[in-house]
Amino acid sequence: MNTETNPAQRCGLVAIVGKPNVGKSTLLNALVGQKISITSRKAQTTRHRITGIRTEGATQYVFVDTPGFQTRHNTALNKSLNKTVLGAVGDVDLVLFVVEAGMFNTADAKVLALLKPNVPVLLIANKLDAIHRREDLAPWLKEMQERHPFTEFVPMSAKNAKDIERLMGYCEKYLPEQAWWHAEDELTDRSEKFLASEIVREKLFRFTGDELPYTSTVVIDKFEEEAGRTSKRMLRIAATIVVEREGHKAMVIGDKGEKLKRIGTETRMELEKLLDAKVFIELWVKVRSGWADDEARVRSFGYE
């Protein structure tokens, strides 16, 4: 924690909000400059309030990635997710409202309705690379300005480095002058153990596609560090993938255990890169039917 007050320093909270699967996690990773939030084509992969930190010059940006606001299912898990979104948008200096350029539907409208009138909101028209002619956006833009008094309109693609730099410039103006909250080289306030569970979950969804319900989760049973013989650090991790049904378990394990092995290998490779350590990982699959509807169990799996 940096306690020295330097009048030139700026620091503040920036919430990234939008409906599920609109590109929020990809945007967060691009803004921080490193992968800290899981990305997947499957809707609803971010479940916790993940903070990404980026320090550029005298400014420290603290990004809050919220789960996509859930409107379809009314389970205990989704109530917990929606509470996280509401908590995140209430106490920030700036909101990035992410939509797909040229699109707006009832799911977007429900998220927009949560935003407080006193917090500045930038309209992030993401996935601009999918729009062929910029001028096609003009009528849509006029319509969006009638929906909410956005302070800035930022058409962009999260995959374009120039667009990301431009967005950082916009964000900087809204952050208060105050001392930084984190060390200059910190990227996230999440523990390595948490990142390990997120990476397993990302690979799980990547390799099972849309067949696996998003109520599957990952619990880290063991996360131990020891001095490595050939590397500075060695991590031993054991994790359980929790699914709702026996059929889902078979799907995750795959033919002769091939799929589970692949999930484990990809997770290990990514964690070794992210955590700069030698990683050994064991994965298990367990069936716990109905866990997403059971509030006590939702809490025991680490959701608020």
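Please determine, by comparing only the residues of region 234-265 that are more than 18 Å from Asp221 (Cβ to Cβ), charged (D, E, K, R) and open to solvent by less than 70 Å² (accessible area, probe 1.4 Å), which one is modelled with the lowest pLDDT.
Per the stated criteria, the residue is Glu244.
Only a single item in (1) among the aliphatic types (A, V, I, L, M); (2) at pLDDT below 85; (3) open to solvent by 60 Å² or more (accessible area, probe 1.4 Å) is not met by Ala161, and it is number (2).
Please go through (1) out of contact with any strand residue (DSSP E or B) (no Cβ under 8 Å at 6 or more places or on another chain); (2) at pLDDT 90 or above for Tyr214 and return the number of the only condition it doesn't satisfy. It is condition (2) that Tyr214 fails. Being modelled with pLDDT of 80 or more and open to solvent by 40 Å² or more (accessible area, probe 1.4 Å) is the filter here; which residues of region 66-108 pass it? Within region 66-108, Asp93, Glu100, Met103, Phe104, Asn105, Thr106 qualify. Conditions: (1) assigned to a loop (DSSP other than H, G, I, E, B); (2) modelled with pLDDT under 80. Ser25 meets all but one. Number of the miss? Of everything listed in (1) assigned to a loop (DSSP other than H, G, I, E, B); (2) modelled with pLDDT under 80, Ser25 misses just condition (1).
Can you find a residue that is at pLDDT 85 or above, within 23 Å of Arg166 (Cβ to Cβ) and open to solvent by 20 Å² or more (accessible area, probe 1.4 Å) anywhere in region 31-43? No, region 31-43 contains no residue that is at pLDDT 85 or above, within 23 Å of Arg166 (Cβ to Cβ) and open to solvent by 20 Å² or more (accessible area, probe 1.4 Å).
Condition first: in contact with a Leu (Cβ under 7 Å, 6 or more places away or on another chain), surrounded by fewer than 19 Cβ atoms within 10 Å (Cβ to Cβ) and of a type in the set (S, T, N, Q). Now tell me which residues in region 120-153 satisfy that. If the condition is that a residue be in contact with a Leu (Cβ under 7 Å, 6 or more places away or on another chain), surrounded by fewer than 19 Cβ atoms within 10 Å (Cβ to Cβ) and of a type in the set (S, T, N, Q), then Thr151 is the only one that fits.
For region 141-175, filtered to residues that are part of a loop (DSSP other than H, G, I, E, B) and of a type in the set (S, T, N, Q), the residue that is farthest from Val119 (Cα to Cα) is Asn160.
The values are calculated or read from the model by the stated rules, or taken from the named source; none is laboratory data. Predicted model, so just to flag it, every value in this text is computed and none were measured. FYI the Cβ positions are ideal-geometry reconstructions off the backbone, even for glycines, and counts take in every protein chain you see. For accessibility, only protein heavy atoms count, side chains too; no ligands or nucleic acids. Shrake-Rupley method; radii C 1.70, N 1.55, O 1.52, S 1.80 Å.
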